[in-house]
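The values are calculated or read from the model by the stated rules, or taken from the named source; none is laboratory data. As the structure is a computational prediction, the values presented were derived from the model and not from experiment. We place every Cβ from the backbone using ideal geometry, glycine too, and count neighbours over all the protein chains shown. Keep in mind that these areas ignore ligands, DNA and RNA; they rest on the heavy atoms of the full protein, side chains included. Shrake-Rupley method; radii C 1.70, N 1.55, O 1.52, S 1.80 Å.
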Amino acid sequence: MDPNIIYIIIGISALIIGIIAGKLIFAKNTRLKVEEAEQQAQTIIKQAELRAETLRKEKELEAKEKFVQMKSEHDREVLDRNRRLGESENRARQKEQSLNQKTDHLEKQIKENETIKDNLNRQIELVNIKRTELEKHQEEHIRRLEKISALTAEEAKAQLV
């Protein structure tokens, strides 16, 4: 055989072996790169999940803090409103108590005034009765004096003058 043909067969064989070896090496590199890419993707996914979980926990914590703050604010407002309501009720009770005391005092004073009025009316009646009796006695004395002196009151005045 001709050495050229041997060289061509060797060249073609080397080429085929090179292509097969290249494909195997390339396939192996590609598979390694694919595996590496999948590992990187898994790592990125895990990191993203961790970040998402961390973010979710942070947002939950923020929401809880906001809720606690709002609840605290609401409780403070309710306590303040209850305190003001209690103060208003106390003022109303004190005013009512004061008015009741004033009413009781006025009623007592009215009763005392009625008692004094009744007492004074009785005294006035007694004075009127005594005045009437005194006038009767005075008239009686004047008649007796007129009878004894045999002169009327006008005649006695005239004699004195």
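Using unit Cβ charges (K, R positive; D, E negative) and no other charged atoms, how large, in debye to the nearest 20, is the dipole of the stretch 21-161 about its Cα centre?
Values: 31 positive and 29 negative charges, 223 e Å.
I would put it at about 1060 debye.
Put +1 on the Cβ of each Lys and Arg and -1 on the Cβ of each Asp and Glu in the stretch 87-161; which of S88, T103, S149 then has its Cα farthest toward the positive end of the dipole?
Value: S149.
Can you give the calculated 222 nm mean residue ellipticity of the chain, where each DSSP H run of n ≥ 4 adds -39,500 (n - 2.57) and the sum is split over every residue, rounded to the nearest 500 deg cm²/dmol?
-37000 deg cm²/dmol
Taking only protein heavy atoms into account and a 1.4 Å probe, give the accessible area per residue of the stretch 107-152 in Å².
98 Å²
If you find the alpha carbon centre of the stretch 39-78 and of the stretch 109-141, how far apart are they in angstrom?
The stretch 39-78 and the stretch 109-141 have Cα centres separated by 97 Å.
If you work out mean projected area of the Cα convex hull in nm² from the coordinates, which of [x] 10.4; [y] 8.1; [z] 23.6 do you get?
So the structure-derived entry is [z].
Apply the Karplus parameterisation 6.51 cos²θ - 1.76 cosθ + 1.60, with θ equal to phi minus 60°, to every residue of the stretch 136-153 and state each ³J(HN,Hα) to the nearest whole Hz, in sequence, with x for glycine and proline.
Karplus values, whole Hz, x for Gly and Pro: 5, 5, 5, 4, 4, 5, 5, 5, 5, 5, 5, 5, 5, 7, 6, 10, 7, 4.
Quick one: pull the percent of accessible area on the chain belonging to carbon and sulfur, 1.4 Å probe, ligands and nucleic acids left out.
59 percent
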